[in-house]
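Below: the structure, in structure tokens.
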Amino acid sequence: MKTSNPVLSRLGQAAERERAAGYGPAGQPGYGQPGYGQPAYGEPYPTATGYPASPPAVEPMTIDDVVVKTVTLLGITGISAVAAWNLIPDALTSAAWIGAALVGLVLGLVISFMRVANPALVVTYAVVEGVFVGMVSKFFAVIAGFQGIILQAVVATFGVFFLMAVLYRARLIRATPKFTRGLIAVMGGLFAVMLINLVLALFGVETGLRDNGALGYIFSLVCIVVASLSFILSFNEIEEGVRMGLPRRYSWTAAFGILVSLIWLYIEILRLLSFLQGDD
């Protein structure tokens with residue numbers, strides 16, 4: 001299981017450990033750990049009737065699994081966003097926005113660096129991010145008064161998503177090792193800049209990075225481009241994960257990656273649209 005993607009490398013190692021413990025794909029008796037009641041490599045599993053049987057099996061993930069999990073997470077995020085919009089008072093919008101962003105950041109980092117898939121954590125992340133998305137959307141649409149901005153941002157976000165899917169399918173953009181390393185480095189740099197800017201803003205220091213000005217326009221456009229390209233990494237991880245035969249539950253991890261990119265892209269498009277409407 002050789003791959004240049006660090007995420008896939010970790011997941012591939014986890015899958016190998018599971019197979020070594022006797023949890024390989026169904027019908028492949030070559031997997032299993034000798035000893036502790038397990039047969040040696042290549043030997044069939046004995047049964048009470050004396051007939052050979054396959055070892056304990058874990059179903060490999062498929063693209064359909066990822067699609068179902070992604071739609072599920074999007075539905076949870078949407079429900080959470082609507083609930084937050086209606087239940088959290090306008091006066092608490094900013095506090096809820098910042099709180100959900102910080103909790104979501106911690107959960108996102110935990111999920112990203114874990115070596116095993118955890119559906120409960122991924123679902124919790126979707127709920128928290130739903131609160132974040134709902135509060136940001138409410139701020140721009142209700143408090144700031146930008147009419148129709150949410151629908152425009154949603155349409156633009158999914159439009160970009162499907163465009164990137166087409167480009168990846170046609171192999172017009174490929175997740176080469178150089179592309180992957182470069183994009184991951186740029187994403188890390190952007191998140192570091194945004195985190196520093198957030199901390200400075202909390203202490204009353206304005207950098208203009210998120211304001212309606214030349215710097216704000218440039219930074220938002222850069223974020224939109226990078227968030228769009230991050231789908232290529234997700235599509236490649238899904239494709240490689242299916243090829244490598246990762247266990248089915250890792251489809252939650254793949255869906256998590258798509259959800260992160262969709263939310264990031266939506267927020268950046270929402271912000272850019274607010275700049276454009278503010279200039280009218």
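The values are calculated or read from the model by the stated rules, or taken from the named source; none is laboratory data. Bear in mind the structure is a predicted one, so any value in this text is a computation, not a measurement. Quick reminder, even Gly has a Cβ in these numbers, built from the backbone with ideal geometry, and neighbours come from all protein chains shown.
Among (1) part of a helix (DSSP H, G or I); (2) free of Cβ contacts under 8 Å to residues at least 60 places away in the same chain, there is one condition Phe235 misses while meeting the rest; what is its number?
The failed condition is (2).
Please go through segment 138-149 and give me each residue that is under 25 Å from the mean Cα position of the chain (by Cα) and over 18 Å from Asn212 (Cα atoms), ordered by number.
Residue satisfying the conditions is Lys138 alone.
Given (1) surrounded by 15 or more Cβ atoms within 10 Å (Cβ to Cβ); (2) of a type outside the set (A, V, I, L, M); (3) more than 25 Å from Val68 (Cα to Cα), identify the lone condition not met by Thr176.
Only one criterion is unmet by Thr176, namely (1).
For Val222, state whether it is among the β-branched types (Val, Ile, Thr), assigned to a helix (DSSP H, G or I) and surrounded by fewer than 13 Cβ atoms within 10 Å (Cβ to Cβ).
Criteria not met by Val222.
Does Pro60 satisfy the criteria of being within 27 Å of Arg169 (Cβ to Cβ) and either touching a helix residue (DSSP H, G or I) at 6+ places or on another chain (Cβ under 7 Å) or at pLDDT below 90 (or both)?
yes
Please find, among Ala175, Ala126, the residue that is over 17 Å from Trp264 (Cα atoms) and under 17 Å from the mean Cα position of the chain (by Cα).
Of Ala175, Ala126, the one residue that is over 17 Å from Trp264 (Cα atoms) and under 17 Å from the mean Cα position of the chain (by Cα) is Ala175.
Could you tell me which residue of segment 101-146 is modelled with the lowest pLDDT, considering only residues that are among the β-branched types (Val, Ile, Thr) and crowded, with 19+ Cβ neighbours inside 10 Å?
Ile111
List the number of the failed condition for Arg210; all other conditions in (1) part of a loop (DSSP other than H, G, I, E, B); (2) exposed (fewer than 15 other Cβ atoms within 10 Å of the Cβ) hold.
Against the list (1) part of a loop (DSSP other than H, G, I, E, B); (2) exposed (fewer than 15 other Cβ atoms within 10 Å of the Cβ), Arg210 comes up short only on (2).
State which residue pairs qualify: first residue in contact (Cβ under 8 Å) with a residue 60 or more places away in the chain and inside segment 135-150, second residue among the polar types (S, T, N, Q) and part of a helix (DSSP H, G or I) in any location, beta carbons under 6 Å apart, and separation of 6 or more residues or different chains.
Close Cβ pairs (under 6 Å, with a partner that is among the polar types (S, T, N, Q) and part of a helix (DSSP H, G or I)) amount to Phe140/Ser274; Phe146/Ser274; Phe146/Gln277; Ile150/Ser137.
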